[in-house]
Amino acid sequence: MPELAIGNHIRRLRFERGEMTQQALAEAVGVTRQTVISLEGGRYAPSLELAMKLALVFGCRVEDVFFWKTPPPG
């Protein structure tokens, strides 16, 4: 499987928010803990809706949670 071009700061943001557990984050955004693990590990790119829910939980912008590892084409 090719590496995703999108990285994230989910793990750092969880710890900055009082060491939020993966399970607590999963419950807050309506996914499984396995989904959070896959997101943090860069093995899964979220839907726009999930990305926005994560940003809302962390109280920041989507761009503060996710970033391009390499510049997008074009």
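The values are calculated or read from the model by the stated rules, or taken from the named source; none is laboratory data. Remember, it's a predicted structure, so these values are computed and weren't measured experimentally. All Cβ positions, glycine included, derive from the backbone under ideal geometry; neighbour counts span all protein chains shown.
Within segment 16-74, the residues that satisfy the criterion of being polar (S, T, N, Q) and closer than 19 Å to Leu4 by Cα are Gln34, Thr35, Ser38, Ser47, Thr70.
So that you can scan it fast, the table gives a plain yes or no per residue for (1) assigned to a loop (DSSP other than H, G, I, E, B); (2) modelled with pLDDT of 95 or more:
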residue	(1), (2)
Val31	yes, yes
Leu39	no, yes
Arg43	yes, no
Glu49	no, yes
Lys53	no, yes
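Across segment 21-74, the number of residues qualifying as of a type in the set (Asp, Glu) and touching a strand residue (DSSP E or B) at 6+ places or on another chain (Cβ under 9 Å) comes to 1. Where residues in segment 58-74 are farther than 14 Å from Arg11 by Cβ and not in a loop (DSSP other than H, G, I, E, B), which of them is modelled with the lowest pLDDT? By that ranking, first place goes to Trp68. Taking residues in segment 2-28 that are touching a residue at least 12 places away in the same chain (Cβ under 8 Å), and partners anywhere that are part of a loop (DSSP other than H, G, I, E, B) and among the polar types (S, T, N, Q), the pairs with Cβ atoms closer than 7 Å and at least 6 places apart or on different chains are Ala5/Thr70.
Just one of the numbered conditions (1) over 15 Å from Arg11 (Cβ atoms); (2) under 12 Å from the mean Cα position of the chain (by Cα) is not true of Val36: (1). The C-beta contact set for segment 37-53 (first residue touching a residue at least 24 places away in the same chain (Cβ under 8 Å) and charged (D, E, K, R), second residue in a helix (DSSP H, G or I) and surrounded by 16 or more Cβ atoms within 10 Å (Cβ to Cβ), distance under 8 angstrom, 6+ apart or interchain) comprises Glu40/Ile10; Glu40/Gln22; Lys53/Val29.
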